[in-house]
Amino acid sequence: MEQYSVSQLSRDSHFEGYLLVRSAEKKTDRNGRDYVDMNLGDRSGEINAKIWNWDGTQEVPESGKPIKIRGLIQEYNGRMQMRIERWRVTTPEDHIPLQELVPAAPRTAEEMLGEIRETAAGFTNSALKKLTEEMLDMAGERLNWFPAAQRMHHAERSGLLHHTTDMLRVAKAVLEIYPWLNRDLLLAGVIMHDLGKIEELKSDESGNVTDYTRDGQLLGHLVRGITLLNRAAERTGVTGEPLVLMEHMLLSHHGEAEYGSPRPPMFPEAEALHWIDMMDARMNTMKNAWEKTPEGAFSEKIFSLERRVYHPWYTEDAD
């Protein structure tokens with residue numbers, strides 16, 4: 001499948017090829033005319049697309065499915081946008097390699113889950129070990145392919161494992177600097193902090209998230225994560241201080257109420273978890289923007305960072 005990737009698209013260029021429908025919805029403009037608003041992507045990124053003057057003779061493209069399109073790349077509010085001229089549903093004869101359309105973690109799910117399981121198996125605190133291993137068991141097979149977000153950081157197949165293992169590596173480095181932190185408590189918090197996302201997001205096995213679940217919209221992964229943790233505690237018989245500390249870490253890992261945490265981190269391991277989570281999420285977002293931006297140029301505005309990202313010239317003789 002020879003075509004430009006989403007990351008290579010530029011204003012006033014034309015695109016013809018296959019992209020995955022991340023989301024699609026029929027809408028109505030201010031003049032009462034129907035159109036289709038979509039987000040399309042491949043493994044390199046995502047772009048918003050519009051089918052204007054929608055006549056309704058075809059069904060709205062199905063989320064999670066590839067389509068063949070031809071369109072013009074424009075710029076709207078500082079972001080690239082595709083004006084679709086023609087499109088069609090793909091057929092088996094197109095022979096589309098789905099791995100080229102689906103962003104995926106850089107390591108295999110087996111490797112990353114093995115690293116997480118090995119870390120939990122090494123805990124000396126039996127209560128935290130039981131809770132962590134039970135939470136992983138409850139996550140089941142979905143953990144192998146589940147993303148960490150719909151469009152922000154680690155929005156990729158196996159992205160939740162990618163986010164968790166990178167955080168574990170950062171946490172282990174932090175423990176070398178601050179050895180007085182409780183190792184098992186911090187690492188257990190890293191492993192469990194986002195497992196509630198499996199109940200928060202609607203994702204297929206390609207890692208494409210189409211929407212939030214009912215629980216995701218009404219409760220969110222912080223609250224759902226605590227209910228899952230309490231279920232794990234009932235199954236393992238864990239009570240007391242370890243359970244309360246872990247509940248607080250899950251509840252406070254976003255840092256402040258503005259970002260969903262009703263309590264700020266109130267002990268050192270909870271504070272460390274918050275900043276490790278924040279750093280890994282932001283570095284992944286930065287890396288994605290940096291990879292799509294030529295040297296010496298700025299990216300489009302990144303919503304989650306509220307800024308544009310610059311790709312520096314790293315050579316000494318750059319002018």
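The values are calculated or read from the model by the stated rules, or taken from the named source; none is laboratory data. The shown structure was predicted, so the numbers you read here are calculated from the model rather than taken from an experiment. Please note: Cβ atoms are built from the backbone with ideal geometry, for glycine as well, and neighbour counts cover all protein chains shown.
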Odd one out for LYS292, checked against (1) modelled with pLDDT under 80; (2) surrounded by 14 or more Cβ atoms within 10 Å (Cβ to Cβ); (3) over 23 Å from TYR76 (Cβ atoms) | (3)
So which of SER44, SER63 is under 24 Å from GLU306 (Cβ atoms) and in contact with an Asp or Glu (Cβ under 9 Å, 6 or more places away or on another chain)?
-> SER44
Taking ARG214, is it surrounded by fewer than 20 Cβ atoms within 10 Å (Cβ to Cβ) and either within 18 Å of the chain's Cα centre (by Cα) or modelled with pLDDT under 95 (or both)?
-> yes
Which pairs have Cβ atoms under 6 Å, sit 6 or more apart or on different chains, and link a residue in region 164-178 that is over 16 Å from THR108 (Cα atoms) and without any contact (Cβ under 8 Å) to a residue 60 or more places away in the chain to one that is part of a helix (DSSP H, G or I) and among the basic types (Lys, Arg)?
-> LEU175/ARG183
From the list MET283, MET266, MET278, which residue is part of a loop (DSSP other than H, G, I, E, B) and aliphatic (A, V, I, L, M)?
-> MET266
Would you call LEU113 in the same structural domain as PHE146 (by TED's automatic domain parsing) and modelled with pLDDT of 80 or more?
-> yes
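For (1) within 20 Å of THR293 (Cα to Cα); (2) within 24 Å of the chain's Cα centre (by Cα), each residue gets a yes or a no:
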| position | (1), (2) |
| --- | --- |
| VAL21 | no, yes |
| ARG33 | no, no |
| ILE47 | yes, yes |
| PRO61 | no, yes |
| LYS65 | no, yes |
| GLN81 | yes, yes |
| ARG88 | no, no |
| THR91 | no, no |
| HIS95 | no, no |
Over region 210-232, the set of residues at negative phi, in a helix (DSSP H, G or I) and touching a residue at least 40 places away in the same chain (Cβ under 8 Å) is LEU228, LEU229, ARG231, ALA232
Scanning region 11-54 for residues that are in contact with a Phe, Trp or Tyr (Cβ under 9 Å, 6 or more places away or on another chain), over 14 Å from GLU85 (Cα atoms) and part of a loop (DSSP other than H, G, I, E, B) gives ASP29, ARG33
Would you say LEU181 is touching a residue at least 60 places away in the same chain (Cβ under 8 Å) and touching a helix residue (DSSP H, G or I) at 6+ places or on another chain (Cβ under 6 Å)?
-> yes
Within region 107-122, identify whether any single residue is in contact with a Gly (Cβ under 8 Å, 6 or more places away or on another chain), small (Gly, Ala, Ser) and more than 18 Å from GLU16 (Cα to Cα), and answer yes or no.
-> no
Is it fair to say VAL238 is surrounded by 12 or more Cβ atoms within 10 Å (Cβ to Cβ), among the β-branched types (Val, Ile, Thr) and over 25 Å from ARG183 (Cβ atoms)?
-> no
Filter result for PRO312 (part of a loop (DSSP other than H, G, I, E, B) and buried (at least 20 other Cβ atoms within 10 Å of the Cβ)) | no
Identify the single condition in (1) in contact (Cβ under 8 Å) with a residue 40 or more places away in the chain; (2) part of a loop (DSSP other than H, G, I, E, B); (3) crowded, with 19+ Cβ neighbours inside 10 Å that SER304 does not satisfy, given that it satisfies every other one.
-> (3)
